[in-house]
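The values are calculated or read from the model by the stated rules, or taken from the named source; none is laboratory data. All values derive from a computational prediction rather than experimental measurement. So basically every Cβ, Gly included, is an ideal-geometry build from the backbone, and we count neighbours across all protein chains shown. These accessible areas exclude ligands, DNA and RNA; they are computed on the full protein's heavy atoms, side chains included. Shrake-Rupley method; radii C 1.70, N 1.55, O 1.52, S 1.80 Å.
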Amino acid sequence: MDANSRQEYLVTEVMTAPPQKLQLMLIDAAIRFAVKAKEQWRTGENAEAGEAVLRCQQIVTEIMAGIRPDADRALAGKISAIYAFVFRCLVAAHLRSDAGQLDEAISVLQVERETWQTLCTRLADAPPPAAADSPLARTGFSLQA
């Protein structure tokens, strides 16, 4: 697959993904950049590793910005604390080129990934809502002639 086709596929994937899949994609990308940074530090590519850690920090920041406390403020606070911990680990890893701090962040992100993967699987396996549960049914409006 050439770069242009891959880019088109990715754009389509993002534009059509449900919110839980988008969250999973962000977590996957954060893990990918963290692992890349760790490998680059190992091979002495320190500048490239720093860039990868910064990309991971940007993704974690985006995830944190998407946390909405509307439904459950206590849960949102706990989730925010998890990502704040990951962010602090990434900052410490970047400042000290510390693979141990990077491992901490990766470990938490992997648990988050498993959680979101399970949610995506369960929602994909769930039957679609019954017609009586649809917003149109509650309004009395029908699309049938």
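Which loop-located GluC sites (Glu not before Pro) does the range 41-103 contain, where loop means any DSSP state but H, G, I, E or B and the Cβ has at most 13 other Cβ atoms within 10 Å?
Qualifying residues, ordered by number: none.
Tally up the carbon and sulfur contribution to the accessible surface of the range 37-116 as a whole percent, 1.4 Å probe, everything protein left in place.
53 percent
Kindly state, as a whole number, the per residue volume in cubic angstrom of the convex hull around the alpha carbon atoms of the range 17-127.
So the per-residue hull volume is 96 Å³.
Put a dot 7 Å past each Cα toward the Cβ at Ala74 and Ala29; how far apart are the dots in nm?
Once both label points are built, they end up 3.3 nm from each other.
Please work out how much length the chain gains when fully extended from Asp125 to Val91, using 0.36 nm per residue of separation minus the C-alpha to C-alpha distance, in nm with one decimal.
8.4 nm
To make sure I understand the rule: partners must be lysines, Cα under 19 Å from the Cα of Lys21, and not fewer than 8 residues away in the same chain. Which ones qualify?
Within the straight-line cut-off, Lys21 pairs with nothing.
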